[in-house]
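Here's the structure we're looking at; comments come further down.
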Amino acid sequence: MGFATDAIHVGQEPDSATGAIVAPIYQTSTYVQQELGKNKGYDYARTAHPNRKALERTVAKLEGGSAAFVFTSGVIRLTTQFLAQWGLEFSFVDTSSADQVERAIKPNTKMIYVETPTNPTMIVTDLAAIAKISATHNATLVVDNTFLSPYLQSPIALGAQIVVHSMTKYLNGHSDSLGGAVILTRSADAEKIYFLQRSTGAGLAPMDCFLVSRGIKTLAVRMKQHDANGETVARYLEDHPHVKCVHYPGLPSHPQHAVAVRQQRGFGAMISFDVVTLDNARKVLNRLKLCSLAESLGGVETLISHPATMTHASVPAEVRERIGITEGIIRISVGIEDVEDIIADLDQALRAI
Ligand SMILES: *Cc1c(COP(=O)(O)O)cnc(C)c1O
């Protein structure tokens, strides 16, 4: 079956007890046992519940994995402050350079973790090239596929062993729940992650699973419109006299445009653009009417943010400058409203400069 069909039917079968086309929300903590040692597949909701199982089947299918687990959040951002306490070491590398990745590998390197395109600078990593390096060094390649969704990019097909998502963003798509997913290809990994899920209590709750499952049904049509609107807005911004530069992999001016064309099925709707100063950014953001000034991304509504003072405020200023998150950078998650309305709002706001 095609992607759109799978998104609507895999894990989304009618309820077997009643025939309801949409499976109910199993808002229950425990399941009654028929007799000691005999149940209908569920015993306690931390361990597993039908809404979570259903959503896990859907995301595993869409990413081409063999198993998936869904959590209350978009995962492993815990590196330096949390996991380091258990003796894990991390090196931060510009993964758009395969040479730098190769040089950063140490004898104890076990995993290469890549986000592409990056938030918010939209730098693209050549996944097939990094997968090759990773395989040579017996490392596991993990890819955060949040920005493009499985509709526009398939990291497992390009050589990744694990894909992660903040389902809070495009997979849900309606800005009404949080959620994270880990999609796996090796059964040994699945056993470890399932143990973690059921023992930490971080598995996603029934109502949130229901909302993400509902959102995923329209992933294909939403991503088509996001992709079209994103490209139109990026071209508008690139031609604007008050915009110094636009970071969007779909523009021929993007440094990794060729890589994006090769490994993505579209360019998505995440754009960042530079209005040079904090003062200019503030003027533009404060004048927007349709576009909402808010963190998060990937919803049907256009969301706009200022990374240096919002999402990336905790990154030290000198690191922010070095990786290109300057005070004039504005990030936009282009929604699926009529694109003329989005552009009209940006146009009136940019006149504030
Ligand atoms: C939002 C986001 C996360 C964090 O996910 P939460 O759902 O907020 O926990 C991780 N990676 C990317 C690329 C994101 O956009």
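The values are calculated or read from the model by the stated rules, or taken from the named source; none is laboratory data. Remember, predicted model here, so these are calculated numbers, not experimental data. Cβ sites come from the backbone with ideal geometry, for glycine too, and all protein chains shown count toward neighbours. Side chains are part of the model used for accessible areas, which takes the heavy atoms of the whole protein and leaves out ligands, DNA and RNA. Shrake-Rupley method; radii C 1.70, N 1.55, O 1.52, S 1.80 Å.
Taking the condition out of contact with any Cys (no Cβ under 6 Å at 6 or more places or on another chain), without any contact (Cβ under 8 Å) to a residue 12 or more places away in the chain and either under 23 Å from residue 227 (Cβ atoms) or open to solvent by less than 30 Å² (accessible area, probe 1.4 Å) (or both), does residue 340 pass?
When the stated conditions are applied, residue 340 passes them.
Kindly indicate whether any position in region 223-242 is open to solvent by less than 20 Å² (accessible area, probe 1.4 Å), within 16 Å of the ligand (Cβ to nearest atom) and either more than 30 Å from residue 330 (Cα to Cα) or of a type in the set (A, V, I, L, M, F, W, C) (or both). Steps first, please.
The initial filter retains those residues of region 223-242 that are open to solvent by less than 20 Å² (accessible area, probe 1.4 Å), namely 223, 226, 229-230, 233-234, 237.
If we keep only those that are within 16 Å of the ligand (Cβ to nearest atom) too, we end up with 223, 226, 230.
Narrowing the set further to residues that are either more than 30 Å from residue 330 (Cα to Cα) or of a type in the set (A, V, I, L, M, F, W, C) (or both) leaves 223.
Within region 223-242 (the criterion being open to solvent by less than 20 Å² (accessible area, probe 1.4 Å), within 16 Å of the ligand (Cβ to nearest atom) and either more than 30 Å from residue 330 (Cα to Cα) or of a type in the set (A, V, I, L, M, F, W, C) (or both)), the answer is yes, since at least one residue qualifies.
Hey, could you check region 56-73 for residues that are over 15 Å from residue 156 (Cβ atoms) and outside any strand (DSSP E or B) and say which is least open to solvent (accessible area, probe 1.4 Å)? Working first, answer last.
First pass over region 56-73, keeping only residues over 15 Å from residue 156 (Cβ atoms): 56-58, 69-73.
Okay, now just the ones that are also outside any strand (DSSP E or B), so 56-58, 72-73.
Working: 56: 20, 57: 118, 58: 1, 72: 67, 73: 60 Å².
Among residues in region 56-73 that are over 15 Å from residue 156 (Cβ atoms) and outside any strand (DSSP E or B), the one least open to solvent (accessible area, probe 1.4 Å) is 58.
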Scanning region 170-183 for residues that are near the ligand (Cβ under 9 Å from one of its atoms) and surrounded by 24 or more Cβ atoms within 10 Å (Cβ to Cβ) gives 179
Which count do you get for residues in region 26-52 that are free of Cβ contacts under 8 Å to residues at least 24 places away in the same chain, outside any loop (DSSP other than H, G, I, E, B) and under 18 Å from residue 16 (Cβ atoms)? 0
Need the failing condition index for residue 86 against (1) farther than 19 Å from residue 196 by Cα; (2) surrounded by fewer than 13 Cβ atoms within 10 Å (Cβ to Cβ); (3) away from the ligand (no atom under 16 Å from the Cβ), just the number. (1)
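Inspect region 96-110 for any residue being assigned to a strand (DSSP E or B) and out of contact with any helix residue (DSSP H, G or I) (no Cβ under 7 Å at 6 or more places or on another chain) and give the result as yes or no.
Kept after step one, since they are assigned to a strand (DSSP E or B), are these residues of region 96-110: none.
The answer is no, given that none of the residues of region 96-110 is assigned to a strand (DSSP E or B) and out of contact with any helix residue (DSSP H, G or I) (no Cβ under 7 Å at 6 or more places or on another chain).
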Filter region 144-159 down to residues that are more than 18 Å from residue 211 (Cβ to Cβ) and either of a type in the set (S, T, N, Q) or more than 15 Å from the ligand (Cβ to nearest atom) (or both), then give me how many there are. 8
Restrict the check to region 275-298 and report whether at least one residue is within 16 Å of the ligand (Cβ to nearest atom), farther than 24 Å from residue 228 by Cβ and open to solvent by 10 Å² or more (accessible area, probe 1.4 Å). yes
